[in-house]
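Below is one structure, written out as structure tokens; comments come after it.
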Amino acid sequence: MKQRRRPGDAGQAFPIYITVVAGLLLLAFAYLAVGQAAANRNGAQTAADAAALAAAMDTRDKLSDEWVENVLDPTKWQAIFDGEGVPFDGCGRADQLAAQNDATAFCGAAPGLPPGYTVDVETNKPVGDSIVPGTENMHSQASATAVIEPLCTFEPLGEDADGDVLPELDCKDREWILNPDDLTVLPEPEDLFNVHLADSQANDE
């Protein structure tokens, strides 16, 4: 025999249904808030990475130019490959790249071997309104360090070496035999130095 549904069953189920729907909506909004924060952090990290790399590449190009200017004086090569001889003033490029990613950069040179730059950024826009209190004024922050690593080594010439001979430059992808009388083809900046990220970290504040 088919059991009849009592009139009160529907009334009792309705509050449960409302509670379940409300819980699902709350969960969905919570996931949305987490997604907003994650997107903001990712944006901050992208800005920090790009800014640090831009600063390091700017100085890499200057180091390469310095090497070209002193190519006939091998006694200065090692200092240049160690990051000496040029000002580490690439933070202007870091500021530009951060601004293009809608963030503000705080940049400084990172001494040592290999040298580079550390950049901290803060997003200009907050995470935004959500069910999580305080996110409307929360800005994501991130940090990145980019270093300039030499790709070439060479054997210094002896004191009695002929002044018309230059050391052979052993780089990662090529050996350069340099002729002092014909320097029309020289390594490019990317042949002499590798610029890469050393570390990074993002958070919300």
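I'd like the full set of residues that are in a helix (DSSP H, G or I) and surrounded by 17 or more Cβ atoms within 10 Å (Cβ to Cβ), limited to segment 67-86.
Those that are in a helix (DSSP H, G or I) and surrounded by 17 or more Cβ atoms within 10 Å (Cβ to Cβ): Trp67, Pro74, Trp77, Ile80, Phe81.
A search for C-beta distances below 8 Å between a residue of segment 131-153 that is farther than 27 Å from Asp191 by Cα and surrounded by 17 or more Cβ atoms within 10 Å (Cβ to Cβ) and any residue that is modelled with pLDDT of 60 or more and basic (Lys, Arg), counting only pairs 6+ apart in sequence or on different chains, returns His139/Lys125; Ser140/Arg41; Ala142/Arg41. Restricting the first member to segment 63-90 and to residues that are without any contact (Cβ under 8 Å) to a residue 24 or more places away in the chain, and the second to residues that are part of a helix (DSSP H, G or I) and hydrophobic (A, V, I, L, M, F, W, C), the beta-carbon pairs closer than 7 Å and six or more apart or on different chains are Glu66/Ile80; Asn70/Ile80; Ile80/Leu63; Ile80/Trp67; Gly85/Ala79. Out of the residues in segment 87-120 that are part of a strand (DSSP E or B) and of a type in the set (A, V, I, L, M, F, W, C), state the one that is farthest from Arg60 (Cα to Cα). It comes out as Ala103.
Sub-8 Å Cβ pairs linking a first residue in segment 179-203 that is closer than 21 Å to Thr153 by Cα to a second residue that is modelled with pLDDT under 95 and of a type in the set (Ser, Thr, Tyr), at least 6 apart or interchain, number zero. Scanning segment 63-112 for residues that are of a type in the set (Lys, Arg) and under 10 Å from Ala51 (Cβ atoms) gives a single hit, Arg93. Report whether or not His196 is closer than 30 Å to Asn42 by Cα, at pLDDT 95 or above and either surrounded by fewer than 18 Cβ atoms within 10 Å (Cβ to Cβ) or touching an Asp or Glu at 6+ places or on another chain (Cβ under 9 Å) (or both). So His196 fits the description; yes. Could you tell me how many of the residues in segment 137-173 are modelled with pLDDT under 85 and either more than 26 Å from Tyr117 (Cβ to Cβ) or in a strand (DSSP E or B) (or both)? Result for segment 137-173: 10.
The values are calculated or read from the model by the stated rules, or taken from the named source; none is laboratory data. Only a predicted model underlies this, so the values are computations on that prediction, with no experimental measurement involved. Cβ atoms come from the backbone with ideal geometry, glycine included; neighbour counts cover every protein chain shown.
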